[in-house]
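Below you'll find the structure, written out as structure tokens, and then a few comments.
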Amino acid sequence: MSKRSPKADETMAQALRKPIQEETRSYRDRIRELVEQDRVGAARALLVEALEHSDSGEDLSLWREILAPARVSKSSKERDFDRSPEMHWLAQHGREYRGKWVALLGEELLAYSTSLKTVVAALEKNKPKRRPLLHYIG
């Protein structure tokens, strides 16, 4: 067994280290990149860092809204019901409607569009018996 000199160990350790590079991209661009890579947790962590360094001058309010934890709102008029049929429909047909808003009641597609306003307008024209599920398929 041969012994390496301490200098050889130091040289090897330096070769394994990556040089630290200063990040030149904006927080907004870096957050967008992480979201596009489905690394939402990392995007949220970077947003927290960006907000702590608020001297960056960037408006991150949109990312703050997008990456905020989900909120649940309760309807005072109608209690929700079993949405299993809608979930089944989404599992079966969701790929066909990527990038669109869909309105579902049971396994029936009531309306779809890239615009939520268009879907809501279609539902107002032909009011369903119960509250449909509105869902964006990304």
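Here are the numbers for this structure:
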{"quantity": "Residue check, residue 58 modelled with pLDDT under 95, touching a helix residue (DSSP H, G or I) at 6+ places or on another chain (Cβ under 6 Å) and closer than 30 Å to residue 28 by Cβ", "calculated": "yes"}
{"quantity": "Pair list, Cβ < 7 Å and 6+ apart or interchain, from the range 101-118 residues that are under 19 Å from residue 81 (Cβ atoms) to residues that are in a loop (DSSP other than H, G, I, E, B)", "calculated": "103/132; 104/132; 105/128; 105/130; 105/132; 110/128; 110/132"}
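Listed here are the residues, each with its yes/no results for (1) modelled with pLDDT of 85 or more; (2) touching a strand residue (DSSP E or B) at 6+ places or on another chain (Cβ under 8 Å); (3) assigned to a helix (DSSP H, G or I).
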| residue | (1), (2), (3) |
| --- | --- |
| 25 | yes, no, no |
| 46 | yes, no, yes |
| 49 | yes, no, yes |
| 65 | yes, no, yes |
| 79 | no, no, no |
| 90 | yes, yes, yes |
| 93 | yes, yes, yes |
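The values are calculated or read from the model by the stated rules, or taken from the named source; none is laboratory data. Remember, predicted model here, so these are calculated numbers, not experimental data. Don't worry about glycine lacking a Cβ; one is built from the backbone with ideal geometry, like all the others, and counts go over all protein chains shown.
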